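This report refers to the structure that appears directly beneath it.
The values are calculated or read from the model by the stated rules, or taken from the named source; none is laboratory data. Note that this is a predicted model, so its numbers are computed, not measured. Cβ placement follows ideal geometry from the backbone for every residue including glycine, while neighbour counts extend to all protein chains displayed.
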Amino acid sequence: MTNCKRYKVAAIDLGTVSSRLVLAQVEGGAIVESSKHTEITDLGEGVDTTGRFCKAAVERVLAACRMFVDEARAFGAVCVCTTCTSAARDASNAALLLDGLRELGLKPQVIPGEVEARLTFFGVAHDFAGERIIVADSGGGSTELATGVYAPECSVFALEGTRSLDIGCRRVTERFFSALPPADGELSAAAAWSGEQFAAYFEGLPSDFEHAERLVAVGGTVTTLVALVHELEPYDSSFVHLCELSLEQVSAAIERMSVLDAEGIATLPGVQPKRAGVILAGAVVIRELMRAGGYKTLTVSENSLLAGMAATINETLDGTTPTIGWTPSLNAL
């Protein structure tokens, strides 16, 4: 790429459990330097049951975004992109959130699951250039899956099997667990429901589909599982990034948490208290994904949709066609 400039950009992603900000310096379609800020805002509270946002959840998200806007301005970002994912797709009163974001000067985009999967794959694949991988982003309301190869040196970006499934830690918790620890049969029911959907995904792939040897997972569930398994206090992102988790480790973590209430889970080393109520269900989702795909290990990435957004913003500012085929709405602060 010629005439590349370096830009300071901001990207905000509002998920079912977490609201996240990345401040990045980008150049040539890649992140040169970045910092992240995550707030657990639980936007999806009650959405699976009611189909609506509750006012308190929206207020938590807007409070986080006020902080994010201040941080982006202090950073000197030339623009910001704001995306909303699973919970906003599901909520019949999503305007409550979207109007509040516009009042903060943001231009929110509710993106479909396939765009979410492509952004995440793009953000993750920079670390696995030329390698065929399947990327799984397991969030609060959905899990996005995408298999493909990214080889920037020869301008290859090929994706297959891109899909968004309505399986996530918040959704599974609300749908199957009456309390924590789960009652008899609830854990196995959650596992069976998740496993059936993942199995249907893999079984429904074309017969000539080339299975990816490496499963790469992103999101708060898998990063928390690494912190739990290795008792990381404080959290160490450099240790977590590209760390491997085995099926046995995930299963052991589920067994450990399955006899505890939320307060007990919150005391475990590496678990954020605000994530304690949904991490057990999240771990079940990850285990069933691994089982359905036949993966004994997975690789955890600290990169995610935010990294893909930052790189895509860079391409847009440079006036090039975005690699993933989606153009973000940008606004100055």
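Of the conditions (1) at pLDDT 95 or above; (2) of a type outside the set (Ser, Thr, Tyr); (3) out of contact with any helix residue (DSSP H, G or I) (no Cβ under 7 Å at 6 or more places or on another chain), residue 243 satisfies every one except a single condition; which number is it?
It fails just one condition, (3).
Output the residues belonging to the range 21-33 that are more than 14 Å from residue 76 (Cβ to Cβ), at pLDDT 95 or above and out of contact with any His (no Cβ under 6 Å at 6 or more places or on another chain).
If the condition is that a residue be more than 14 Å from residue 76 (Cβ to Cβ), at pLDDT 95 or above and out of contact with any His (no Cβ under 6 Å at 6 or more places or on another chain), then 22 is the only one that fits.
Yes/no matrix, rows are residues, columns are (1) over 23 Å from residue 18 (Cα atoms); (2) of a type outside the set (D, E, K, R):
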residue	(1), (2)
130	yes, yes
143	no, yes
146	no, yes
166	no, no
184	yes, no
195	yes, yes
207	yes, yes
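Please specify each residue of the range 90-106 satisfying the condition of being polar (S, T, N, Q) and either touching a Gly at 6+ places or on another chain (Cβ under 8 Å) or farther than 14 Å from residue 55 by Cβ (or both).
92, the sole residue that qualifies.
From the list 253, 276, which residue is within 18 Å of residue 188 (Cα to Cα) and surrounded by 16 or more Cβ atoms within 10 Å (Cβ to Cβ)?
253
Take the residues in the range 178-193 that are closer than 17 Å to residue 286 by Cα and in contact with an Asp or Glu (Cβ under 9 Å, 6 or more places away or on another chain), then tell me which one is surrounded by the most Cβ atoms within 10 Å (Cβ to Cβ).
Top of the filtered list is 190.
Give, as residue ranges, the strands (runs of 3 or more DSSP E) completely inside the range 209-325 that count at least 1 residues that are β-branched (Val, Ile, Thr).
Filter on the range 209-325 gives 214-218, 297-300.
Against the condition part of a loop (DSSP other than H, G, I, E, B), surrounded by 18 or more Cβ atoms within 10 Å (Cβ to Cβ), within 20 Å of the chain's Cα centre (by Cα) and of a type in the set (A, V, I, L, M, F, W, C), how does residue 134 come out, does it pass?
no
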